[in-house]
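Student: Got a structure for you, questions after.
The values are calculated or read from the model by the stated rules, or taken from the named source; none is laboratory data. Keep in mind that what you see is a predicted model, and the values were worked out from it rather than measured. Glycine gets a Cβ as well: all are built from the backbone with ideal geometry, and neighbour counts include every protein chain shown.
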Amino acid sequence: DMGGHDTYMHKEIHEQAEAVDRVLRGRIDDRFSTVHLGGLNLDARDARAVRRVKILGCGTSYHAGQIGAQMIEELARIPADAEPASEFRYRNAVVDPDTLYIAVSQSGETYDVLAAVQELKRKGARVLGIVNVVGSAIAREADGGMYVHAGPEVCVVSTKCFTNTCVAFALLALHLGRTRDLSVRDGKRIIEGLRKLPAQISEMLEQEEDIRKLAAQYAEARSMLFIGRVRGYPVAREASLKLKEVSYIHAEAYPASELKHGPLALIEPALPTVAIVPDDDLLEKNRAAMEEIKARSGQILAVAHQEQEKADHTIVVPKNEDELDPILMGIPLQLLAYHTALALGRDIDKPRNLAKSVTVE
Ligand code: F6R
């Protein structure tokens, strides 16, 4: 049942305010400015003993993991990074008992992720699952974890589960942070930011018609470049994947800082760039990157917290706390991918060559 929408992707994009409300529900503890995550099976002593966090997932879940790793580093000050689960399992990785491993999966059935979890457990590691489908293989195999409560996701292309997984990571980062050195004040600040998300998502979705018009323009491109730095970079990667999957337009994501080390050679009027430009301490750096692109007659669509002079168009996203900004910045880019695919007449819910859950090697 598509509830009045023409595709599941559209329906699922529009369910995000509600979905985020669900992942937050019952977990916030205002008294201690933290969150309760009962299913982690990780007591305060365990949480304090974690020396590193390694996040494993595939595709969109891997990108959510990259955002999660940054949140954990920022809020809990634990070194954290994300890696595609398939790469991890084939490179005979060093498995460290002081590392907390986190497997991320919408379906909970992705074979490469499951195999990585099994290998980790065989070597004695502690593995948490951040999973959408309740009772799925990865959820059962993990030592503990969190359900992201996005609700059923039918479209092959992941949207609401990505957003909810990012929010789940924010909760985990806050929890680990408050068990360690994150101040009450910062805890409160993040909680207030989290509470604002559902309304801000709804506000963002009201811009759909403007984004549809932009998409009609970009649908003519043969290729697109997505750039961002630090918090904006995983957002750029996810947006680039979304566009590729659903519209079949070639897209590439690059850290904005790497432009001058190669990709600037590609810039010309026929290659539009989508620039993720949060209003944080890197704003000036991002403006300089846009200037470089403009100087070579590249077209720019900025996703930012304020109108960008250097860009041809700006999609203005509501501002939240710096650490949580990536969550909202992903949403207009889902709409951009959707409307580009719609303009091109693509099979949106079932893109060619893709399956919802990849249960084979
Ligand atoms: C992207 C997409 C895929 C999945 C990937 C992992 O829109 O659908 O990249 O994200 O196959 O799937 P899960 O999260 O089910 O493990």
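Student: What do you reckon, is Gly124 within 12 Å of the ligand (Cβ to nearest atom) and outside any helix (DSSP H, G or I)? Break it down into steps so the answer makes sense when it comes.
Tutor: Working: within 12 Å of the ligand (Cβ to nearest atom): no; outside any helix (DSSP H, G or I): yes.
Here the answer is no, as Gly124 does not meet what is asked.
Student: I'm told Gly39 meets every condition in (1) of a type outside the set (Lys, Arg); (2) surrounded by fewer than 19 Cβ atoms within 10 Å (Cβ to Cβ); (3) in contact with an Asp or Glu (Cβ under 6 Å, 6 or more places away or on another chain) except one. Can you identify the failing condition by its number?
Tutor: Just one mismatch for Gly39, condition (3).
Student: Still on this structure, I have one more. Please find, within the range 139-153, the residue that is surrounded by the fewest Cβ atoms within 10 Å (Cβ to Cβ) out of those that are part of a loop (DSSP other than H, G, I, E, B), more than 11 Å from the ligand (Cβ to nearest atom) and touching a residue at least 40 places away in the same chain (Cβ under 8 Å).
Tutor: Gly151
Student: Further question on the same structure: Could you please find all residues in the range 309-347 being of a type in the set (A, V, I, L, M, F, W, C) and assigned to a helix (DSSP H, G or I)?
Tutor: Step one: list which residues in the range 309-347 are of a type in the set (A, V, I, L, M, F, W, C), which gives 311, 315-317, 324, 327-329, 331, 333, 335-337, 341-344.
Leu324, Ile327, Leu328, Met329, Ile331, Leu333, Leu335, Leu336, Ala337, Ala341, Leu342, Ala343, listed by residue number.
Student: If you don't mind, another one. For Leu241, state whether it is at pLDDT 95 or above, within 17 Å of Gly298 (Cβ to Cβ), in contact with a Ser or Thr (Cβ under 9 Å, 6 or more places away or on another chain) and crowded, with 16+ Cβ neighbours inside 10 Å.
Tutor: On the way: at pLDDT 95 or above: yes; within 17 Å of Gly298 (Cβ to Cβ): no; in contact with a Ser or Thr (Cβ under 9 Å, 6 or more places away or on another chain): yes; crowded, with 16+ Cβ neighbours inside 10 Å: yes.
So Leu241 does not fit the description; no.
Student: Please go through the range 88-134 and pick out each residue that is of a type in the set (S, T, N, Q) and surrounded by fewer than 24 Cβ atoms within 10 Å (Cβ to Cβ).
Tutor: Step one: list which residues in the range 88-134 are of a type in the set (S, T, N, Q), which gives 92, 99, 105-107, 110, 118, 132.
Across the range 88-134, the qualifying residues are Asn92, Thr99, Ser107, Gln118.
Student: Then there is this: Please go through the range 251-272 and give me each residue that is over 21 Å from Lys285 (Cβ atoms) and surrounded by fewer than 16 Cβ atoms within 10 Å (Cβ to Cβ), ordered by number.
Tutor: Glu268, Pro269, Ala270
Student: Moving to a separate point now. Need the failing condition index for Gly298 against (1) at pLDDT below 95; (2) away from the ligand (no atom under 16 Å from the Cβ); (3) out of contact with any strand residue (DSSP E or B) (no Cβ under 9 Å at 6 or more places or on another chain), just the number.
Tutor: (3)
Student: So, one more: With the structure loaded, tell me whether Asp112 is within 11 Å of the ligand (Cβ to nearest atom) and touching a residue at least 24 places away in the same chain (Cβ under 8 Å) or whether it fails that test. Even if it seems obvious, please write down each step before you answer.
Tutor: Numbers: within 11 Å of the ligand (Cβ to nearest atom): yes; touching a residue at least 24 places away in the same chain (Cβ under 8 Å): yes.
Yes, satisfied.
Student: So is Leu197 within 22 Å of Pro318 (Cβ to Cβ), more than 16 Å from the ligand (Cβ to nearest atom), of a type outside the set (D, E, K, R) and touching a residue at least 12 places away in the same chain (Cβ under 8 Å) or not? Step through it out loud before you land on a result.
Tutor: Numbers: within 22 Å of Pro318 (Cβ to Cβ): yes; more than 16 Å from the ligand (Cβ to nearest atom): yes; of a type outside the set (D, E, K, R): yes; touching a residue at least 12 places away in the same chain (Cβ under 8 Å): yes.
Judged against the criteria, Leu197 is a match.
Student: Filter the range 154-169 down to the residues that are over 19 Å from Gly193 (Cα atoms) and either in a loop (DSSP other than H, G, I, E, B) or more than 11 Å from the ligand (Cβ to nearest atom) (or both) and list them by number.
Tutor: Pass one, the range 154-169, residues over 19 Å from Gly193 (Cα atoms): 154-159, 161.
Hits for the range 154-169 are Val154, Cys155, Val156, Val157, Ser158, Thr159.
Student: Among all residue pairs at least 6 apart or on different chains, which show Cβ distances below 9 Å where the first residue, located in the range 54-76, is free of Cβ contacts under 8 Å to residues at least 12 places away in the same chain and the second is assigned to a helix (DSSP H, G or I)?
Tutor: Once the first residue is free of Cβ contacts under 8 Å to residues at least 12 places away in the same chain and sits in the range 54-76, its partners that are assigned to a helix (DSSP H, G or I) give Glu73/Ala173.
Student: Anything in the range 225-264 that is touching a residue at least 40 places away in the same chain (Cβ under 8 Å), within 15 Å of Met290 (Cβ to Cβ) and away from the ligand (no atom under 16 Å from the Cβ)? List them, or say none.
Tutor: Leu225, Ile227, Gly228, Arg229, Gly232 - these are the residues of the range 225-264 that are touching a residue at least 40 places away in the same chain (Cβ under 8 Å), within 15 Å of Met290 (Cβ to Cβ) and away from the ligand (no atom under 16 Å from the Cβ).
Student: A further question on this structure: Considering every residue within the range 32-44, establish whether at least one is closer than 28 Å to Val157 by Cα, among the charged types (D, E, K, R) and out of contact with any Gly (no Cβ under 6 Å at 6 or more places or on another chain).
Tutor: No: zero hits.
This table checks each residue for (1) part of a helix (DSSP H, G or I); (2) near the ligand (Cβ under 10 Å from one of its atoms).
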{"position": "Lys54", "(1), (2)": "no, no"}
{"position": "Thr60", "(1), (2)": "yes, yes"}
{"position": "Gln70", "(1), (2)": "yes, no"}
{"position": "Leu75", "(1), (2)": "yes, no"}
{"position": "Pro97", "(1), (2)": "no, no"}
{"position": "Leu100", "(1), (2)": "no, no"}
{"position": "Val104", "(1), (2)": "no, yes"}
